[in-house]
1. If you take the residues of segment 78-137 that are within 16 Å of ligand 2 (Cβ to nearest atom) and not in a strand (DSSP E or B), which of them is nearest to residue 186 (Cα to Cα)?
2. Taking segment 283-307, which residues are under 16 Å from residue 257 (Cβ atoms), more than 16 Å from ligand 2 (Cβ to nearest atom) and hydroxyl-bearing (Ser, Thr, Tyr)?
3. Looking only at residues in segment 268-290 that are within 16 Å of ligand 1 (Cβ to nearest atom) and either acidic (Asp, Glu) or in a loop (DSSP other than H, G, I, E, B) (or both), which one is nearest to residue 338 (Cα to Cα)?
4. Of the numbered conditions (1) loosely packed, with under 15 Cβ neighbours inside 10 Å; (2) modelled with pLDDT of 95 or more, residue 78 satisfies every one except a single condition; which is it?
5. Anything in segment 311-336 that is at positive phi and within 16 Å of ligand 2 (Cβ to nearest atom)? List them, or say none.
6. With 31, 14, 43 as the choices, which residue is among the hydroxyl-bearing types (Ser, Thr, Tyr) and in contact with a Phe, Trp or Tyr (Cβ under 7 Å, 6 or more places away or on another chain)?
7. Return only the number of the condition from (1) surrounded by fewer than 21 Cβ atoms within 10 Å (Cβ to Cβ); (2) of a type outside the set (Phe, Trp, Tyr); (3) at pLDDT 95 or above that residue 335 does not satisfy.
Amino acid sequence: MEMTLRWYGTKFDTVKLWQIRQIPGVKGVITTLYDKQAGDLWTQEEIAALKKDVEAESLKIAGIESVNVSDAIKTGSAQRDEHIQNYIDTLENLGKEDIHMVCYNFMPVFDWTRTELARKRADGSTVLAYTQEAIDALDPEKMFSSIAGDSNGTVMPGWEPERMEHVKELFELYKDIDEEKLFENIVYFLKAIMPVCNKYDIKMAIHPDDPAWSVFGLPRIINNEKNILRLMKAVDDVHNGVTFCSGSYGTSLDNDLPHMIRALEGRIHFAHVRNLKFISPTNFEESAHLSSDGTFDMYEIMRALYETGFEGPIRPDHGRMIWGEKAMPGYGLYDRALGAAYLNGLWEAIEKAHKA
Ligand code: CS2
Ligand code: MN
């Protein structure tokens with residue numbers, strides 16, 4: 001594995017590349033052109049400029065998170081083929097710049113959903129949290145303003161104001177899209193992009209739905225072992241792969257995370273490893289990475305990755321907000337750095353035990 005941190009670019013991130021570089025073992029970042037809208041084309045010049053920023057601080061781009069997929073592609077509406085062509089051209093330009101891993105998701109309307117961005121824990125840290133009760137009481141159109149109010153002035157990924165202005169129309173677009181239709185549309189999309197992925201060896205890595213069940217009546221298809229394996233078989237090409245996000249699949253206590261990792265052997269191209277603490281099956285918060293601070297056995301998750309020969313980038317995903325830091329919720333420097341150090345420690349121990 002290759003330890004990385006997510007970085008949103010000079011214009012958007014409170015965390016600096018020089019700080020990331022000082023985290024032991026981190027040699028690369030996962031980044032994006034954060035001001036691109038889903039459906040836009042990324043030019044080779046824009047990608048090269050991003051690369052230059054990263055390399056100027058002696059880091060490398062380990063992959064992109066995300067090249068977002070437009071709602072037209074997800075719903076199969078009129079602009080679908082035009083957006084797919086832009087996606088193909090974007091992949092081509094990434095390939096020419098020697099970038100070989102792209103994370104994306106296929107969630108309708110909202111990316112991840114949390115109901116609190118700063119729940120206070122006993123130690124004074126704050127974390128992102130979710131309760132089903134809060135969702136059930138919320139008008140989906142108000143979801144955006146409730147999220148934006150608490151984000152420390154940052155733009156949260158997947159909650160771009162430009163898109164959220166049109167929430168009502170977005171819901172309208174999905175009104176006839178059920179799970180089968182959404183599945184058909186993702187297969188259509190993947191089949192269209194596989195040739196360019198093969199040409200440049202770009203590994204696509206789908207991020208799971210978070211939480212792993214339907215919110216606001218919208219369909220969900222990337223949420224458990226059976227469904228993700230179905231997608232792997234529907235487009236049976238190594239370039240059609242997975243971002244294994246423990247904190248997203250793990251929202252459902254029915255998902256056996258180490259088992260899923262083993263079932264997906266060879267198809268996991270990117271890993272997000274973080275822990276959740278469950279108060280009840282539908283009330284959870286994002287804890288520290290340490291196993292004993294949450295519900296998951298992080299050792300078993302890392303061991304499953306190791307034993308299936310995982311070689312891709314990995315990142316600590318979200319962290320708590322600690323030590324008075326002001327940053328994008330989930331994406332401060334301090335707790336993610338602690339997470340990276342802890343995951344590196346687990347990996348070293350697992351590797352040495354295997355070699356002994
Ligand atoms: C991320 C997702 O912050 C997060 O929860 O893991 O937003 C992820 O970046 C996207 O779903 C991937 O497209
Ligand atoms: Mn994730």
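The values are calculated or read from the model by the stated rules, or taken from the named source; none is laboratory data. What you see is a predicted model; the values in this text were computed from it and never measured. Here the Cβ is made from the backbone with ideal geometry for all residues, glycine too, and neighbour counts use every protein chain on show.
1. Selected residue: 106.
2. 291, 295, 299, 306
3. Residues of segment 268-290 within 16 Å of ligand 1 (Cβ to nearest atom): 268-276, 284-287, 289.
From what is left, the residues that are either acidic (Asp, Glu) or in a loop (DSSP other than H, G, I, E, B) (or both) are 273-275, 285-287, 289.
Numbers: 273: 12, 274: 11, 275: 13, 285: 18, 286: 14, 287: 12, 289: 8 Å.
The selected residue is 289.
4. The failed condition is (2).
5. 317, 330
6. It is 31.
7. Only one criterion in (1) surrounded by fewer than 21 Cβ atoms within 10 Å (Cβ to Cβ); (2) of a type outside the set (Phe, Trp, Tyr); (3) at pLDDT 95 or above is unmet by residue 335, namely (1).
The rows are residues; the columns are (1) within 25 Å of residue 336 (Cα to Cα); (2) away from ligand 2 (no atom under 16 Å from the Cβ); (3) assigned to a helix (DSSP H, G or I).
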site: 214; (1), (2), (3): no, yes, no
site: 230; (1), (2), (3): no, yes, yes
site: 258; (1), (2), (3): yes, yes, yes
site: 266; (1), (2), (3): no, yes, no
site: 309; (1), (2), (3): yes, yes, no
